[in-house]
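Read through the structure below, which is laid out as structure tokens, and then see the notes.
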Amino acid sequence: LASFLFSTFGAAQTNIFAEDPLIVAVYENRTDKVRELIIRQHPMARTDTEGRTAMIWGAIQGSYEALEMILEADAQTNLIDEIDNSALYYAANNGHDEVVQLLLSYKANINRENRDGRTPLMAAANQGHARVVAALIAGGADVGVSDFTGRTALDLAREGRSRKVVQLLEQAGGR
């Protein structure tokens, strides 16, 4: 993991990961280590240099079991990173439908906008993740909201050329 993080995020980022074992354990979905850190009351809201918590890194990676454990231990679902992306946004963007469902069951803010005015629904629609789009719509996502460029989730789905996602959004009243 350290070499991946170094090559992907640079040396400064790697040091942050090395200093926070919970971020690494959740990212790697190592439930034994996550459980140990929870028992030792390791802080769950610690962040890396970009403001990403273990919850956010788990959502990026799709680490369902580790996320479930920290959520059961009262980790906060709605913390955001430096660009105002939440764990739900990253899970939706990466197509982790089970993680999306999990976060929604723990009251993640379904319509939270990032700096660009994009919501988790827009992220999923843009990437063509039909199951995530369906889950977000069922969870009450606002299909009519537009980002700072004036594009809606339906516009982004059309740009992504996913017919299934376009159909889902049209059926939900998207414009």
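With a 1.4 Å probe and every protein chain left in place, work out the accessible area per residue of segment 23-95 in Å², rounded to a whole number.
44
On average over all directions, what projected area in square nanometres does segment 17-111 have, based on the convex hull of its Cα atoms?
Values: hull surface 20.9 nm².
Mean projected area of the Cα convex hull: 5.2 nm².
For segment 37-77, calculate the relative contact order in percent as a whole number, restricting contacts to Cα pairs under 8 Å that are 6 or more residues apart.
37
So for segment 63-175, averaging the separation of alpha carbon pairs under 8 Å that are six or more residues apart and normalising by length, what relative contact order in percent results?
In percent, rounded to a whole number, it is 22.
What 222 nm value per residue comes from the helices of the chain, counting each DSSP H run with n ≥ 4 as -39,500 (n - 2.57) and dividing by all residues, nearest 500 deg cm²/dmol?
Only helices count here, giving -15500 deg cm²/dmol.
Which of the peptides 24-30, 159-165, 98-104 is most tightly packed, and how do the rest follow, going by the mean number of other Cβ atoms within 10 Å of each residue?
Going from most to least packed, we get 98-104, 24-30, 159-165.
Using +1 at the C-beta of Lys and Arg and -1 at the C-beta of Asp and Glu, which of 109, 92, 160 has the Cα lying farthest in the positive direction of the dipole of the chain?
About the Cα centre, the residue reaching furthest to the positive side is 160.
Sorted by average packing, counted as other Cβ atoms within 10 angstrom per residue and highest first, what order do 111-121, 36-46, 125-135, 145-155 take?
Details: 111-121: 20.4, 36-46: 14.1, 125-135: 23.4, 145-155: 17.8.
Answer by packing, highest mean first, reads 125-135, 111-121, 145-155, 36-46.
How many percent of the accessible area of the chain is carbon or sulfur, using a 1.4 Å probe?
Exposed carbon and sulfur together represent 44 percent of the surface.
Explain nothing, just compute: Karplus ³J(HN,Hα) = 6.51 cos²θ - 1.76 cosθ + 1.60, θ = phi - 60°, for every residue of segment 136-145 in order, whole Hz, x for Gly and Pro.
For segment 136-145, the Karplus curve yields 5, 4, 4, x, x, 4, 7, 7, x, 5 Hz.
Using the 2.2 N^0.38 Å rule of thumb for compact globular proteins, work out how the chain stacks up: its C-alpha Rg over that value, please.
Dividing the Cα Rg of the chain by 2.2 N^0.38 Å gives 1.05.
The values are calculated or read from the model by the stated rules, or taken from the named source; none is laboratory data. Keep in mind that what you see is a predicted model, and the values were worked out from it rather than measured. With ideal geometry, Cβ positions are generated from the backbone for all residues, glycine too; neighbour counts draw on all protein chains shown. Please note that ligands, DNA and RNA were not included when accessible areas were found on the heavy atoms of the full protein model with its side chains. Shrake-Rupley method; radii C 1.70, N 1.55, O 1.52, S 1.80 Å.
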